Amino acid sequence: MRVLLADRVPEALGLLAGDGAAIPVAGGTDLLVHWPVRIDAHDRTYVDLSRLEDLKPLRWSDRELVLGGLTTYWDVIQDERIGREFPLLVRAARQVGAIQIQARGTWAGNIVNASPAADGVPVLMAYDAVVVLESGRGREEVPLDHFYTGYKEMRRRADQLVVAIRIPRRPYSYQVFEKVGSRRAQAIAKVGLAVTRSDAGWRVVAASMAPTIRRCPMLERLLEQRVQVAHPGDLVPAITQDVSPIDDVRSTAEYRRRVMARVLYDDLRETCGWP
Amino acid sequence: MTLSIGFTLNGKAVSMEADPAERLLDTLRYRLGLTGTKEGCGEGECGACTVYLDGLPVNSCLVPTYQVRGARVETIEALDPVQLGPFLEQGATQCGACTPGVVMTALWISAHPELLETHTVRELMAGNLCRCTGYDGIVDAVATTIGEVGEGGRGKGEA
Ligand SMILES: Cc1cc2nc3c(=O)[nH]c(=O)nc-3n(C[C@H](O)[C@H](O)[C@H](O)COP(=O)(O)OP(=O)(O)OC[C@H]3O[C@@H](n4cnc5c(N)ncnc54)[C@H](O)[C@@H]3O)c2cc1C
Ligand code: FES
Ligand code: FES
C-alpha cells in the first residue's frame, strides 16, 4: 500500500486526481478497522488529509454554520454555540462511539463512509445540510438529502473531497434525535431518527431503516397536514412507504418499523396534540 | 515505501521511518519499547490502547503512525505512578488488561473537571471496557482523583 501525504488542500486534490482510485484518510475510525495491516498483498493508495489545517476550523456567518472537512465530533461537542443553535449535532456527536472515537472521527468521514446506520448524517440531514465537494475541476454543492443514490453509493467522484458542510441557521420550534441501540455507548443504531420543524417545514430523517439514510416524505406530509394520529400503528402505513428496513444481525424489519412508529409517536404526541 | 516522520513522544522529540500500514499502537510497543499501552480488540472498541494525541484520548490501534507527524503523543509511561493511588485503593483494577487505558482516560477527565458540567464520568469512560471490575471501582477512583465523590459518580452515570 502507498500513502501520499499532503499539507494543503490543492496538493491533496492533485494527488487524488493523479490516482483515480486513491482513498482519502481523515480520522481513520472507519478505515482503520479494515486497515491492511494484516493483509500481505495490497496495492491501494491512500491520501492523508489529517494535516490539512484549512479543513479544520468551523465557521459561523449570519446565515449559516459551516463545518470544515476535518471537523470532528469533539470539536462540535465543545462548541457551546452549536449546543444552543443546533443541539441535535451535539446530541448525535455524543452518541458516536466514545471520547476516543469522538476525538478523531469527522463529520465528512461519516457522510462519505455512507453507513445506513450512521449517527452524524441524520441530524445533518434534518438541518438541511449541504455537502461542499471540491476537486481540481472546481466546487460543487449537493444537498445531503440528495447525496446518496443507493447503498454506499453517492454523488461524490473519487477525485472530490468534502471540504465543508453548510448548515443554514433557522429558528427551530421542534427538534429531536433518537438512537435505539443495544446499549447507550459504542453501539450501532437499530433505529435512528432525527426530526426537526422550522419555517422550512418538518424534516423526518430515518437511519438503519433503508439502504441509505433518508428523509421520509410521507411522514413529513402527514405532519405538515396535521393529520390526527390516535396510536403508533397509524404511522405504520406512511413508514412502510417511506422506508424499507431489512432483517440483519442487529434486528428485524418488523421490529424496526414498530420501534420507529412507537418512538415517533411518543416524541411527537405532545407537540402535535395526539391523544 | 516508508515515510519519514517526526513527533513528540512523552515530551521528547522522536524521528523515524514508518511503514504506511503501521499503527501507532505497534510503533509504541514494538519499535519504541513502550509496552504500557495494551492491545485488546484492535478495532477501537475497548480503549485498552488509549494514548493522548495532541491532548485528547484516542485509540492508538486506529491511528496510522504517519498521522502523528508533527503531533504530541503521550502514553501511560509519562504519568507519575502516584496518580495510580486511587485506582489501587478503590479496587479499580483486577487483571489489569484495561488499566493503562482506563487510567489514561480517567486522568484526562480529572485534568478537565469542567467536562463534568456537561458529562458524567460514566459517559466519558464509556470507551474503556473492563471485564473484571464492574466499573464502580473505576468510577469511584475517577471521582477521588477529581476530589468530589457524588455528582457524576457511582450510579448516577448515563453510559
Ligand atoms: C469503535 C467505533 C465506534 C463507532 N461508533 C459509531 C457510532 O456510534 N455512530 C457512527 O455514526 N459511527 C460510528 N463509528 C464510525 C466512524 O467513527 C464514523 O463514521 C466517523 O465519522 C468516520 O470519520 P473518520 O474521519 O474517522 O473517517 P475515515 O475512516 O478517515 O474515512 C471514512 C470514509 O470517508 C472518506 N473520507 C473521509 N473524509 C473525507 C473527505 N473530507 N472527503 C472525501 N472523503 C472522505 C474515506 O475515504 C472513507 O471512505 C464508530 C467507529 C468505531 C471504530
Ligand atoms: S485495542 Fe484499541 S480500542 Fe481495543
Ligand atoms: S481489570 Fe481486568 S479488564 Fe479491567
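The values are calculated or read from the model by the stated rules, or taken from the named source; none is laboratory data. For clarity, every value in this text was computed on a predicted model and none was experimentally measured. FYI the Cβ positions are ideal-geometry reconstructions off the backbone, even for glycines, and counts take in every protein chain you see. For the accessible areas, the whole protein counts, side chains as well, though only heavy atoms, and no ligand, DNA or RNA atoms are used. Shrake-Rupley method; radii C 1.70, N 1.55, O 1.52, S 1.80 Å.
On the principal axes of its alpha-carbon atoms, region A:94-201 has extents of 44, 35, 27 Å, going from largest to smallest. Taking every alpha-carbon pair under 8 Å whose residues sit at least 6 apart, region B:3-77 reaches a relative contact order of 39 percent. What do you get for Rg/Rh over region B:17-127 if you use C-alpha atoms and the Kirkwood form of Rh? Across region B:17-127, the Cα-based Rg/Rh ratio is 0.97. Model label sites at B:Glu89 and A:Val33, defined 7 Å from Cα along the beta-carbon direction, differ in position by 4.0 nm. Taking every DSSP beta bridge that has both ends in region A:1-160, the antiparallel portion is near 60%. The label point for A:Ser244 and the one for A:Thr149, both projected 7 Å from the Cα toward the Cβ, are 1.7 nm apart.
Which angle between 0 and 90 degrees, to the nearest 10, do you get for helix B:99-111 versus the longest principal axis of chain B when only C-alpha atoms count? For helix B:99-111, the angle is close to 70 degrees. Ratio of Rg to Rh for region B:81-145: 0.92 [Cα atoms; Kirkwood radius as inverse mean 1/r over pairs]. Between A:Gln95, A:Gln241, A:Gln175, the residue with the greatest mean-square fluctuation in the GNM of chain A (Cα pairs under 10 Å linked by springs) is A:Gln241. Within region A:1-94, antiparallel bridges make up roughly 20 percent of the DSSP beta bridges whose residues both belong there.
When chain A is treated as a GNM with alpha-carbon contacts under 10 Å, the residue of A:Pro116, A:Pro237, A:Pro211 showing the greatest mean-square fluctuation is A:Pro237.
Counting only DSSP beta bridges with both residues in chain A, the antiparallel share comes to about 85 percent.
Ordering B:95-108, B:72-85 by mean Cβ neighbour count within 10 Å, with the highest value first, yields B:95-108, B:72-85. Carbon-plus-sulfur accessible fraction, region B:3-77 (probe radius 1.4 Å, protein heavy atoms only): 47%.
Mean per-residue shielding of peptide B:51-64 is 5, counting Cβ atoms of other chains within 10 Å of each Cβ. Counting, for every residue in B:17-25, the Cβ atoms of other protein chains within 10 Å of its Cβ and taking the mean gives 4. Ellipticity at 222 nm from helices only: DSSP H runs of n ≥ 4 in the protein assembly as shown, each -39500 (n - 2.57), divided by the residue count, give -7500 deg cm²/dmol. Ordering of A:157-166, A:129-138 by packing is A:157-166, A:129-138, highest average first (other Cβ atoms within 10 Å, averaged per residue). Rounded, prolate or oblate: which fits region B:20-63, taking a ≥ b ≥ c as square roots of the Cα gyration tensor eigenvalues, rounded meaning a/c under 1.5, else prolate when a/b beats b/c? In terms of gyration-tensor shape, rounded. Size of region B:3-77 from its Cα atoms: along the principal axes, largest to smallest, the extents are 29, 24, 20 Å. In this structure, the pairs whose alpha-carbon distance is over 23 Å, taken from A:Lys56/A:Lys152; A:Lys56/B:Lys12; B:Lys12/B:Lys38, are A:Lys56/A:Lys152; A:Lys56/B:Lys12. The distance between label points at A:His231 and A:Arg59 comes to 5.4 nm (points 7 Å beyond Cα on the Cα→Cβ vector).
Provide the buried accessible surface between chains A and B in square angstrom, both chains summed, 1.4 Å probe, rounded to the nearest 100.
The contact between B and A buries close to 3000 Å².
Taken over the C-alpha atoms, region A:172-272 has Rg and Dmax values of 13.0, 39 angstrom.
Normalised by 2.2 N^0.38 Å, where N is the number of residues, the C-alpha radius of gyration of the protein assembly as shown stands at 1.01.
In the context of the full set of protein chains, the protein assembly as shown has a per residue accessible area of 43 Å² (1.4 Å probe).
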